[in-house]
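Read the structure below first, then the notes.
Derivation of every value follows stated rules applied to the coordinates shown; laboratory data play no part. If you're wondering where the values come from, they're calculated on a predicted model, not measured in any experiment. No Cβ is skipped: glycine too gets one built from the backbone with ideal geometry, and neighbour counts run over all protein chains shown.
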Amino acid sequence: MKTKSAAQDMLDVAIAGGGYVGLSLALALKQADPDLKVAVIDPKPGDALAKDPRASAIAAAACRMLDRLGVWQDIAAEAQPINEMIVTDSRLRDAVRPVFLTFGGDRESGEPFAHMVPNARMLPALHEAAAALGTEYLQPDGLHSFQVQPDCVVLHTDRGTERRARLLVAADGVRSRLRDLAGIRTVHWAYGQSGIVTTVAHERPHNGRAEEHFLPAGPFAILPLKGNRSSLVWTERTADAERLVRSDDFTFELELERRFGHHLGKLHLTGPRHAYPLGLTLARDFVRPRFALAGDAAHGIHPIAGQGLNMGFKDVAALAEVLVEARRLGQDLGAMDVLERYQRWRRFDTFQMGVVTDVLNRLFSNDVDLVRGVRDFGLGLVDRMPRLKTLFIREASGFAGPAPRLLAGEAI
């Protein structure tokens, strides 16, 4: 990684946020047009990328994009295909958890609908690939403020340097400070739930099967990793989640076994545990003059469908395509007529997914007998309708709707 001095030359695109979305956007832009001047600004040092203990579910379309960007070969050895998924609906005290819905993992021959990928491998791969193409890094350095001018946006970093760019992309997370500075309002509410994330080892192999158990407090997802390990996304009421995270390992593992079950043998925690508050956050607008939102800065949804990161990758593919095509036509990358194309492409899909995850969470995170009966009947009905299951798998794979070229594995 090389950090240039604070030269006053004009950047084409400045990206605030060095996570998956920011790095993949920088890589996509530089790969499509090496002459673009792209900088990533992030307050975290670059070596922090290799310390994230979590894993992420990457849909098939996003895998194609990562392959086109030249990083999948560095990730694939540690990526675990999801070969099957089952859905149950029960209470903790139930002796048996009937399976109401099953999905086969193949969308097409030889292509699973998703892979589980360790973050500690994916983030450095994106960082190294973007750097190799000439992306400029300002790390560790955050963006303090910015002013939009007719021909550029003036950026003021935490270290007191000043840069100019034709476009600023905020990829700084669901609590985006830049979104607030841009005056973009959000639709937001909290669910009173937190997601506990951790990794466990187990005696028996998972055979690439993912499980989602709908429990009264929220979904409990078991996602397969390489070897006899699984990543957990465990939803609980916030007070209970905080109590569990603070508890000793013995208490935590007892509560874990009640939800996980014993079908994979003895369990053992192999990673730290963290709890994250869950809510719905949707930006009312994705763009302003010389300013665009991407990833969680534009949308934060419930993890019940596992689509949060994949929506961010859709933003990347759409925004990169819009900007590269505008550049080829000699258009101003920060002009509103250019940025509106990106907003039209992504805003409806984002609001649609936000509504779907909100409804699913409200439907399944309760213990009302009547509601339980209706939803179980619905799950069973879907399980008996192959065409409808195919539509769900296509959505989970990331191929529903008009897809940007990168998500189809094509060059921009």
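Things worth noting here:
- In plain terms, the residue of ASP332, ASP172 with the fewest other Cβ atoms within 10 Å comes first and the most crowded comes last, giving ASP332, ASP172.
- Dividing the helix sum by the residues of the chain, where each DSSP H run of 4 or more adds -39500 (n - 2.57), gives a mean residue ellipticity at 222 nm of -11000 deg cm²/dmol.
- Taking the centroid of alpha carbons for each part, segment 212-243 and segment 143-178 are 37 Å apart.
- Beta bridges from DSSP with both residues in the chain: antiparallel share about 75 percent, rounded to the nearest 5.
- When only the Cβ of Lys, Arg, Asp and Glu is charged (+1, +1, -1, -1), the dipole of segment 65-188 relative to its Cα centre reaches about 560 debye.
- Averaging the Cα positions of each part gives two centres, and for segment 19-61 and segment 351-412 these lie 28 Å apart.
- Estimated D of the chain in µm² per second, where Rh is the Kirkwood radius over Cα pairs and Stokes-Einstein applies at 10 °C, 1.306 mPa s: 72
- Computed from the Cα positions only, the extents of segment 302-374 along the three principal axes stand at 61, 18, 15 Å, in decreasing order.
- For segment 275-412, the spread of Cα positions along each principal axis, largest first, Å: 60, 33, 25
- Extension gain for the segment GLN331 to ALA132, taken as residue separation times 0.36 nm less the Cα-Cα distance, is 69.0 nm to one decimal.
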